[in-house]
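The values are calculated or read from the model by the stated rules, or taken from the named source; none is laboratory data. Since we're looking at a predicted model, the values are computed, not measured. Note that each Cβ is placed from the backbone with ideal geometry, even for glycine, and that neighbours are counted across all protein chains shown.
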Amino acid sequence: MAKREGASAVHYGVLPDAPTGPLAVWVTLNGVRRVGDVPMDMLDKDHSQASTNTALASAILQLREYFAKDRREFDLPFDFSGATSFQRRIFQRLLKIPYGQIVSYGDIADELGEPGAARAVGQAVGANPLPILIPCHRVVRSDGKLGGYSGGLRKKVLLLEIEGVVVDGHRAASDVHPEVLRLPL
């Protein structure tokens, strides 16, 4: 369904059977704008927009392939409108983390020439409007512990496990294996 018509139209659909729980996907003419939990008002609506909007259909298909372990990278345009230039730098860096690998917030900060800015990187990662597509779940604490995740630690663990990464629990202090991949790649 489209929220608005014209150049700024936002179309959305639902992936009801995602292993992380139902996911909503929003797209604009510029690309995928947001991925997140399904708002209550969307649960009872017909989400057939994916059959008439190719960008939305592609995003939902690629997410299904990822969850089925048939896709390791996404080939979608992203709409980062509303993101700061720092956030965009972080999001672009996150896209380079290989499937099944983890990196630390501190290493990303160091690589981007912002030593000591691990918390700022963490805030940018936490503001990611495109979890899964922009793989923020692949970022952990410098000590190799799980850290946080805006979608909840159980979802972060599930996403890492889909990629073959072993996590010793669902707490921020849980160990993550393999070891942190040191940057630059």
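Among residues of the range 5-49 being over 14 Å from the mean Cα position of the chain (by Cα), of a type in the set (S, T, N, Q) and modelled with pLDDT of 70 or more, the one that is surrounded by the most Cβ atoms within 10 Å (Cβ to Cβ) is 28. Taking every residue in the range 119-141 that is buried (at least 24 other Cβ atoms within 10 Å of the Cβ) and pairing it with any residue that is in a helix (DSSP H, G or I) and charged (D, E, K, R), at least 6 positions away or on another chain, the pairs with Cβ-Cβ distances below 7 Å are 137/156.
Here residue 92 fulfils each of the conditions (1) modelled with pLDDT of 95 or more; (2) surrounded by fewer than 17 Cβ atoms within 10 Å (Cβ to Cβ); (3) assigned to a loop (DSSP other than H, G, I, E, B) apart from (3). Quick check, is residue 108 within 15 Å of the chain's Cα centre (by Cα), over 25 Å from residue 22 (Cβ atoms) and buried (at least 16 other Cβ atoms within 10 Å of the Cβ)? Here the answer is no, as residue 108 does not meet what is asked. Residues in the range 59-76 that are part of a loop (DSSP other than H, G, I, E, B) and either on the phi < 0 side of the Ramachandran plot or free of Cβ contacts under 8 Å to residues at least 12 places away in the same chain (or both): 68, 70, 71, 72, 73, 74, 75, 76.
Candidates in the range 164-183 are the residues that are β-branched (Val, Ile, Thr) and in contact (Cβ under 8 Å) with a residue 40 or more places away in the chain; of these, the one that is surrounded by the most Cβ atoms within 10 Å (Cβ to Cβ) is 176. Give me the residue from the range 126-163 that is assigned to a loop (DSSP other than H, G, I, E, B) and modelled with pLDDT of 95 or more and, out of that set, farthest from residue 71 (Cα to Cα). It comes out as 127.
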